[in-house]
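Please read the structure below before turning to the comments.
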Amino acid sequence: ARLLLDEVTARSLGFADEAAEGFNHFFDPVLLASAQLLPHAMPDAQPFVLAWQAIELAWSKQKSAAQMQSEQAMQALLQAEQRNLLADKIALELTRRDDARLAPIFVKQFVAGPWAQVLAQTRLTPALLQAAQYYLDVVAELLWSVVPEQASRNKQRLVRMIPKLLASLRE
């Protein structure tokens, strides 16, 4: 009983009051274990051992769940960092293209920003690898369509391309 009380007390010191974040996760197992103690006669320490084991199991499960969430968050951050690094590389490649030189600055910013992120995500996601070339082709069409001198020379191509280009950009 003393060991159980000492451990519960030691862990409770991490909370300023009952309203502190995480207090319920700490205290719910204590309530359940104490409820198990009430109906027992106490001829020996066995009920306290069982209560202690129940609390430890619950806290262990909570810790495992928290560790899993932490690992998932770290994995998501790692993936985001990989995507950002690849997007930076792709953005540099896209802005150095010959057809990008004539494009307006806002189009270059779009291609080097959000669209580079799209391309990076498609390259990092195995299920989307086939879409990577398609999205890269969209860049060529977009860059061609925003240069008035080029687009005005082939209006039929422009008219056919615009609906498909807009759908691809929205996707």
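The values are calculated or read from the model by the stated rules, or taken from the named source; none is laboratory data. Quick caveat, the model's predicted, so the values are computed rather than measured. We place every Cβ from the backbone using ideal geometry, glycine too, and count neighbours over all the protein chains shown. All accessible areas refer to the heavy atoms of the entire protein, side chains included, with ligands and DNA or RNA removed. Shrake-Rupley method; radii C 1.70, N 1.55, O 1.52, S 1.80 Å.
Counted by Cβ distance under 14 Å from Pro163, the other residues give a net charge of +2, where Lys and Arg count +1 and Asp and Glu count -1. Here is the P(r) of region 10-94: all C-alpha pair distances, binned every 5 Å from 0, give 3, 12, 13, 14, 12, 10, 8, 6, 6, 5, 4, 3, 2, 1, 1, 0 in whole percents. The angle between the Cα long axis of helix 155-170 and the main principal axis of the chain comes to about 10°, on a 0 to 90 degree scale. Within the shell of other residues whose beta carbon sits under 12 angstrom from the beta carbon of Glu56, the net charge comes to +2, with Lys and Arg scored +1 and Asp and Glu -1. Note on Gln67/Asp137: beta-carbon distance plugged into 1/(1 + (r/R0)^6) with R0 of 35 Å gives a FRET efficiency of 0.20.
Within the accessible area of region 74-171, the carbon and sulfur atoms contribute 59%, probe 1.4 Å, all protein chains present. Dividing the radius of gyration of the alpha carbons in region 59-139 by their Kirkwood radius gives 1.21 for Rg/Rh. Counted over the chain with a bin width of 5 Å, the fraction of Cα pairs per bin, in whole percents, is 1, 7, 12, 12, 10, 7, 5, 4, 5, 6, 6, 6, 6, 5, 4, 2, 1, 1, 0, 0. Rounded to the nearest 20, the Cβ-based charge dipole of region 54-171 about its Cα centre (Lys and Arg +1, Asp and Glu -1) stands at 400 debye.
For the chain, the solvent-accessible area works out to 70 Å² per residue, with a probe of 1.4 Å and every protein chain left in place.
Computed with a 1.4 Å probe on the full set of protein chains, the accessible area for Thr9 sits at about 70 Å².
Helix 2-12 and the long axis of the chain differ in direction by around 30°, with both axes built from C-alpha atoms. Taking a straight line from the alpha carbon of Lys164, these lysines sit under 27 Å away, with near neighbours fewer than eight places off in the same chain left out: Lys89, Lys108, Lys155. Taking a point 7 Å from the Cα of Ala35 along the Cα-to-Cβ direction, the residues of region 55-86 with backbone N closer than 18 Å to it are 55-59, 62. Computed from Cα positions, the angle between helix 23-37 and the longest principal axis of the chain comes to roughly 30 degrees. Farthest towards the positive end of the charge dipole of the chain, among the residues Thr95, Ile162, Ala45, is the Cα of Ile162, using unit charges on the Cβ of Lys, Arg, Asp and Glu.
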